[in-house]
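Reviewing the structure listed below.
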């Protein structure tokens, strides 16, 4: 391995077991779950067990001029964790200890490799809750959630990951260890470096510890489904719920394509004749039924064909399960549409102001027709954050081109409606051009200036975001 | 005015009326409400009416190498708005229009000079609420609130200003106009520049427009007071309320010094024999009485002598009014303690993890005794954010020195308890040294690197924060 003296150096620092160079194993670390994104082959994957080991890796990578790509569970959907050729991949999943849970200060301190569901389970034992719940929560890590500022279904009431990050320990490109933020509920000491790192997708530093805010355990939750004759009326219902001052704890939309895909995947008695379905919940305990009745009234006033309240927690859980099956069901639909293993999904992510949701849904329908590709829409309606899922045939370049065109037209539509090119999946490789378009030349220059200030040689996750 | 060709240039760009050089008027723009902070005399005060005029001012200041100090209503308590000699003061209060209120997307777009109370009143007309409520809310501006990431009494349940800032328009030191953030509920397009500017105290750019998130109008609120025989038991009650998973909408503490000062200032029947009083509220409408009963039980279990629930909204408002009188009452106490206009307050601001509140309160008592200065403590107990108010004699250097020593010892104590040197008042000039100590040399270097990246010549608010 004369070509890579860094390897011997890494082995000396971390031990052989933490330094992976077997080509078969390296292949497993090439990419996250994003489609349409390039992925390289790393020179080496290291699995540090401490901040000191992360420092050792970053310093050696800097010395040899080898780029560093941090990875969590690689469940991301924008290619932010994809390897670049010849890089050191920092696989953070071995740093998976919950260091502290403090019910009085309502904080937890965790290593970045802790899985979201594991933290949720541990804090639940103490009557607490860590709200952020990305779709990947059963496998994704807190470090990855923080690096991408992950969203989820609870955001409509409880906000996204960044609202829960109080402080970080970060290894900088210089190898220095920076501590940001605090353990207190409030604090304004200096620039908000914590939130600068949240969502920066590993381009500014490697997160090695996270202090998160916790909340009391949620109260009992009730839910309903409302069935709509058109996506426009479903979108109007979302606006009406907001206009009436209501705050559901969950407000999700499934369009007909998704309803049919889910029902085909696992029959649940969903109304597949509906154009769209809204799934809403209220987690206000003894008031949940009353709150849900107000949401039901807003849906009815907006033209819902039928509103059906779950009568108990079991039924409510079944409704949530239908929503959680959206992704695998659509994968199955894609596979059936284009057999031979060539059918796939291009998962998009766009957010518009709540009042523009109906226009977004209408527009996506027109784009699907114009581009000649099936597009199902699912997502966090209460936040105006939709995931148009484009069904493509990977074996047919013309079809794939049409899928890409639809993808671009959806972004264009979202921006034209005052929205953003990514509500929760991030920029990574997938949306670099769209980011530049959204934030404009001044925004790009400021991004570049901050990147250069913190990582002047471009060591960390090169090519991502910018 | 040959010494200052910039003046003619500013007059040409903004018109004579917006360019103030009368020395009597300039004196009024020298400082905010912070004590112990140096203030210079500006060369000129300009009152821009548009983003274009702010750009014109910043470009001219850059051309002539004259520093720029942005100011809102100058209600700050850390000297962040203090002029430096020869500076251009950008007084933003003439940019005071509410540009948009959208009840469906629950956002408002405002110019920076809009007064917090004016925005609150306007959104209330549409059944909405802008939660951040700093003590200065009747006079301070949204731009100033954003620049300092202002807190307030609602934070214990609703969080601080930064939680409500979705997007900004900022004039950079280069004179370029940067737009950050979005109008959507969620968004992860690029670095969180919005929150980098929030709390940066005018050192990174001049805020010219703010997009804020709104909430539905609050429900009916009920409140109680709990009277404690010691500050330690009051601190324990705060911890117990958190440990029981309760979420008051307000949880404030007044110590005996404050109770006596308020009662002397305006008799309200407060228990001046108490060591401390907790004021708590629940804004959960039909459940408020039940929620308040749980808070009352936690107080009783922690050793409260008496818990007294307000029986109606009028009584609840009177309790809140007592809290709001804390500051003027203490000013009066200081004036009476050291007559001749020499008595004053040094207002401190420290936050600790909630569980350390009792230790902080005990420690402040010991510091007051050791330094031989009266210190009253008031603040946002539910957040662990306390304001020790040190009574000093400005005419007596030895007394003032003892006050400064007490101030430093309180900071030291706060940091030793895992806290921060400023919970909500900011760094400004007052706490630059303490910021450096809190964030350490790596943190300082990162701050400097970001400042240099955005303002390489140090044009904007020089000497503040760093």
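The values are calculated or read from the model by the stated rules, or taken from the named source; none is laboratory data. Keep in mind that this is a model prediction, so the values were computed, not measured. All Cβ positions, glycine included, derive from the backbone under ideal geometry; neighbour counts span all protein chains shown.
Observations
- Residue in region A:214-221 that is on the phi < 0 side of the Ramachandran plot, within 8 Å of another protein chain (Cβ to nearest Cβ) and in a loop (DSSP other than H, G, I, E, B) present: yes
- Within region B:144-158, restricting attention to residues that are away from chain A (no Cβ under 11 Å) and in a helix (DSSP H, G or I), the residue that is farthest from residue B:249 (Cα to Cα) is B:144.
- Residue check, residue A:397 closer than 16 Å to residue A:35 by Cα, over 18 Å from the mean Cα position of the chain (by Cα) and surrounded by fewer than 16 Cβ atoms within 10 Å (Cβ to Cβ): yes
- If you filter region A:177-199 down to residues that are surrounded by fewer than 24 Cβ atoms within 10 Å (Cβ to Cβ) and under 21 Å from residue A:71 (Cα atoms), you find that the one that is farthest from the other protein chains (Cβ to nearest Cβ) is A:194.
- The lone criterion from (1) in the same structural domain as residue A:200 (by TED's automatic domain parsing); (2) modelled with pLDDT of 95 or more left unmet by residue A:68 is number (1).
- Scanning region B:200-208 turns up no residue that is surrounded by fewer than 23 Cβ atoms within 10 Å (Cβ to Cβ) and more than 9 Å from chain A (Cβ to nearest Cβ).
- Selected residue (criterion: surrounded by the most Cβ atoms within 10 Å (Cβ to Cβ)) from residues of region B:209-222 that are in contact with a helix residue (DSSP H, G or I) (Cβ under 6 Å, 6 or more places away or on another chain) and under 30 Å from residue B:71 (Cα atoms): B:210
- Given (1) part of a strand (DSSP E or B); (2) surrounded by fewer than 17 Cβ atoms within 10 Å (Cβ to Cβ); (3) at pLDDT 95 or above, number of the condition residue A:264 does not satisfy: (1)
- Filtering region A:435-459 to residues that are touching a helix residue (DSSP H, G or I) at 6+ places or on another chain (Cβ under 8 Å) and more than 8 Å from every other protein chain (Cβ to nearest Cβ) leaves A:436, A:437, A:444, A:457, A:458, A:459.
- Test: residue in region A:288-296 that is crowded, with 22+ Cβ neighbours inside 10 Å, within 14 Å of another protein chain (Cβ to nearest Cβ) and assigned to a helix (DSSP H, G or I): yes
- Filtered residues of region A:89-139 (kept if buried (at least 22 other Cβ atoms within 10 Å of the Cβ), under 26 Å from residue A:462 (Cβ atoms) and away from chain B (no Cβ under 13 Å)): A:89, A:90, A:91, A:92, A:95, A:111, A:112, A:113, A:136
- Residue match in region B:231-239 (condition: at the interface with chain A (Cβ under 8 Å from one of its Cβ atoms), in contact (Cβ under 8 Å) with a residue 60 or more places away in the chain and surrounded by 21 or more Cβ atoms within 10 Å (Cβ to Cβ)): yes
- Scope region A:414-434; condition more than 7 Å from chain B (Cβ to nearest Cβ) and under 21 Å from the mean Cα position of the chain (by Cα); matching residues: A:414, A:415, A:425, A:428, A:429, A:430, A:431, A:432, A:433, A:434
- Spans of helices (runs of 4 or more DSSP H) in region A:306-385 with at least 2 residues within 14 Å of another protein chain (Cβ to nearest Cβ) and over 16 Å from the mean Cα position of the chain (by Cα): A:357-371
- A Cβ distance below 6 Å, combined with a sequence gap of six or more or placement on separate chains, defines the contacts here; from region A:391-409, residues that are more than 11 Å from residue A:371 (Cβ to Cβ) reach residues that are part of a strand (DSSP E or B) in the pairs A:394/A:344; A:400/A:392.
- Candidates A:414, A:423 - the one that is under 16 Å from residue A:353 (Cβ atoms) and not in a helix (DSSP H, G or I): A:423
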